[in-house]
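> Below is one structure. I have some questions about it.
The values are calculated or read from the model by the stated rules, or taken from the named source; none is laboratory data. Quick caveat: nothing in here was measured; it's all calculated off a predicted structure. Neighbour counts run over all protein chains shown; Cβ positions are idealised from the backbone, glycine included.
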Amino acid sequence: MARVAPSCGSIVVADWHQCKDSKEYFSRILHKKRRKNFGLLESPVMPPHVAVDTVHYKIFLSGKSGVGKTALAARLAGLNIPNLHYETTGIETTVVYWPVKLRENGRVLFFRLQLWDCGENTLRRFDHLLPACKEQVDAVLFLFSFTDRTSFDDLSNQIAKWTGTSVRHIVKLVVGTKFDLFMHCDVPERDVRDFQETWNLRVLRVGGEVSDGLGDVAPLLNCLAENLWHQDCVTAGSANHQSQQGTGTLR
């Protein structure tokens with residue numbers, strides 16, 4: 001049976017980045033009001049009196065060439081968005097740190113999201129890359145561009161690559177890029193609504209300039225964190241249930 005995705009704001013405090021008690025945490029991912037660039041071995045440093053756990057996740061960005069996978073990774077990490085499009089060669093990884101506050105108990109967590117971006121043509125040329133991207137992946141973001149109808153129609157093919165017995169249960173979200181270019185929109189809202197109902201997948205929208213580095217990316221990052229945490233809780237509950245059942249049969 002398919003797992004039901006949590007509703008927005010039901011698990012994490014959606015507007016926590018605007019609250020006073022969040023400044024201690026968000027200041028650790030900012031420098032002069034801009035996001036810090038974290039390498040693979042770097043992490044936010046908290047003062048000794050503040051205890052906060054970090055949870056690690058691997059996220060894959062899927063979509064046709066030119067939909068904005070590299071730009072989305074840069075946006076989520078607070079990096080400069082490239083002005084010119086270029087085909088990603090090989091696999092590029094970007095580390096994003098994002099603090100959240102759980103609504104149920106007020107616990108604060110740092111989400112470490114490692115975004116994997118691989119060019120469409122590169123995936124076609126080298127068969128070993130897609131299995132490497134799928135290995136221990138926790139979520140996949142399926143991208144399409146509101147200015148490219150073919151990228152929207154290709155979503156079913158993208159999703160099919162991540163469906164089957166070889167792929168464990170992962171978080172799946174759809175992201176429509178270039179939403180701000182409404183004058184050139186090739187994907188009407190009614191088609192997006194029909195897609196959500198047919199595939200039971202949430203469609204998020206991004207576009208426009210990044211202003212403060214937090215408010216523009218908070219909805220997507222909070223939604224992703226919410227779904228990842230929900231998945232872990234459901235998986236842990238299932239494991240505990242199975243363990244209890246197994247213990248009950250031992251003599």
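> Can you name the condition, by its number, that residue 64 falls short on among (1) buried (at least 16 other Cβ atoms within 10 Å of the Cβ); (2) at pLDDT 90 or above?
(2)
> All but one of (1) in contact (Cβ under 8 Å) with a residue 40 or more places away in the chain; (2) out of contact with any helix residue (DSSP H, G or I) (no Cβ under 9 Å at 6 or more places or on another chain) hold for residue 116; state the number of the condition that does not hold.
The one condition residue 116 does not meet is (2).
> Please count how many residues of the stretch 113-145 are over 14 Å from the mean Cα position of the chain (by Cα) and within 17 Å of residue 176 (Cβ to Cβ).
Count: 2.
> Can you find, within the stretch 108-130, the residue that is farthest from residue 76 (Cα to Cα) among those that are crowded, with 19+ Cβ neighbours inside 10 Å and either of a type in the set (D, E, K, R) or at pLDDT 90 or above (or both)?
108
> For the stretch 41-61, which residues satisfy the criterion of being surrounded by fewer than 21 Cβ atoms within 10 Å (Cβ to Cβ) and either touching a Ser or Thr at 6+ places or on another chain (Cβ under 6 Å) or in a strand (DSSP E or B) (or both)?
53, 54, 55, 56, 58
> Only residues in the stretch 7-23 that are surrounded by 13 or more Cβ atoms within 10 Å (Cβ to Cβ) and modelled with pLDDT of 90 or more count as the first member; pair them with residues that are in a helix (DSSP H, G or I) and of a type in the set (Ser, Thr, Tyr), Cβ under 7 angstrom, at least 6 apart or cross-chain, and list the lot.
16/22
> Among the listed residues 42, 92, 104, identify the single one that is out of contact with any helix residue (DSSP H, G or I) (no Cβ under 6 Å at 6 or more places or on another chain) and more than 30 Å from residue 233 (Cβ to Cβ).
Within the list 42, 92, 104, the selection yields 92.
> Also, quick follow-up: Take the conditions part of a strand (DSSP E or B) and at pLDDT below 95 and apply them to residue 92. Does it pass?
Yes.
> Filter the stretch 119-146 for residues that are within 16 Å of residue 163 (Cα to Cα), part of a loop (DSSP other than H, G, I, E, B) and free of Cβ contacts under 8 Å to residues at least 12 places away in the same chain and give the result.
135
> Follow-up. Which count do you get for residues in the stretch 14-40 that are of a type in the set (A, V, I, L, M, F, W, C) and outside any loop (DSSP other than H, G, I, E, B)?
4
> Tally the residues that are assigned to a loop (DSSP other than H, G, I, E, B), closer than 25 Å to residue 163 by Cβ and touching a helix residue (DSSP H, G or I) at 6+ places or on another chain (Cβ under 6 Å), restricting the search to the stretch 183-208.
Here the count works out to 1.
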